[in-house]
Amino acid sequence: MKREGIGELDLELTPRVQLQRRMIDAIAQTMDLYGANYSFGQLYGIMFFEDRPMTLEEMKHMMSMSKSNMSYGVRSLISSGMVTKLEEKQERKDLYMAETDFFRAFRSFFTMKLQREIDVMNEALEHVLPGLQELLEASELSEDERQRCLIDYAKIQHAVEFYQSLQQFVDELRVGDILPYKGGA
């Protein structure tokens, strides 16, 4: 769903900036589709087109966001590997730079999202499988309940296999062995 804001055309802007804004909106929409905050997607898009590192204050003014929201957004982008906090500072202020290689940004963002899913599911699977096994071994279990447990056990075994395959995919994506495009400009 397209949102109002930075993606909207403003006839007072240069054609290049209008095109940048359209791209920034597309980046934000794409990140929103995968569960990232739309505003953080806009922030990444703005930083993507900057030719220099930015301070939180500069980002705050460009995005018209509170400093606390801006700080949270930057931390979120850093944790996804889409933004880097630089070692050097500008007038004692931290500097941040967006990853401009789409492959690296994609790889960082999606491996983080997929790894989180895998971790959540594996934690549940590690608890549920032994519990089902215990139920199946219980002598007081009715035959009807035993059959239901066997069906659930088969479904959960399938989930285990899926998440093992997904982990392998994530590991390959993390090192860049899964896609023909390797990035770089």
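Remarks
- Counting only Cα atoms, the size of segment 86-185 along its three principal axes is 72, 37, 14 Å, in decreasing order.
- Rounded tilt (10° steps) of 143-175 against the dominant C-alpha axis of the chain: 30 degrees
- Percent accessible area from carbon and sulfur atoms, the chain, protein chains only, probe 1.4 Å: 53 percent
- Semi-axis lengths (Å, descending) of the ellipsoid that matches the C-alpha gyration tensor of segment 15-105: 19, 14, 13
- Answer label, with Kirkwood radius over Cα pairs in Å calculated from the coordinates and candidates [x] 19.5; [y] 19.1; [z] 17.8: [x]
- Pairs of lysine residues in segment 75-185 - Cα separation under 25 Å, sequence separation of 8 or more or cross-chain: 5
- The slack in the chain from HIS127 to HIS61, taken as 0.36 nm per residue of separation less the alpha-carbon distance, amounts to 19.0 nm.
- Mean separation of Cα contacts under 8 Å, 6 or more apart, over the residue count of segment 43-147: relative contact order %: 22 percent
- Acute angle (nearest 10 degrees) that the helix 38-49 long axis makes with the longest principal axis of the chain, alpha-carbon atoms: 50 degrees
- Subtracting the Cα-Cα distance of TYR72 and THR30 from 0.36 nm times their residue separation leaves 13.2 nm of extension gain.
- Accessible area (Å², 1.4 Å probe, nearest 10) - GLU134: 130 Å²
- Based on protein heavy atoms only, segment 19-102 ends up with 55 Å² per residue of surface accessible to a 1.4 Å probe.
- For the pair ARG104 and MET23, a Förster radius of 22 Å applied to the C-beta separation gives a FRET efficiency near 0.80, rounded to the nearest 0.05.
- ALA154 paired with LEU136, simple spin-label distance in nm, labels 7 Å along Cα-to-beta-carbon: 1.1 nm
- GNM top mover of THR111, THR14, THR30 - the chain, alpha-carbon springs below 10 Å: THR14
- Principal-axis analysis of the Cα atoms of the chain puts helix 102-137 at an angle of about 20° to the longest axis.
- Value of [θ]222 nm, deg cm²/dmol, for the chain, DSSP H segments ≥ 4, -39500 (n - 2.57) each, nearest 500: -22500 deg cm²/dmol
- For the chain, relative contact order (Cα pairs under 8 Å, six or more residues apart, normalised by length) works out to 15 percent.
The values are calculated or read from the model by the stated rules, or taken from the named source; none is laboratory data. For clarity, every value in this text was computed on a predicted model and none was experimentally measured. Backbone-built Cβ (ideal geometry, glycine too); neighbour counts: all protein chains shown. Heads up: the accessible areas ignore ligands, DNA and RNA and are worked out on the full protein's heavy atoms, side chains in. Shrake-Rupley method; radii C 1.70, N 1.55, O 1.52, S 1.80 Å.
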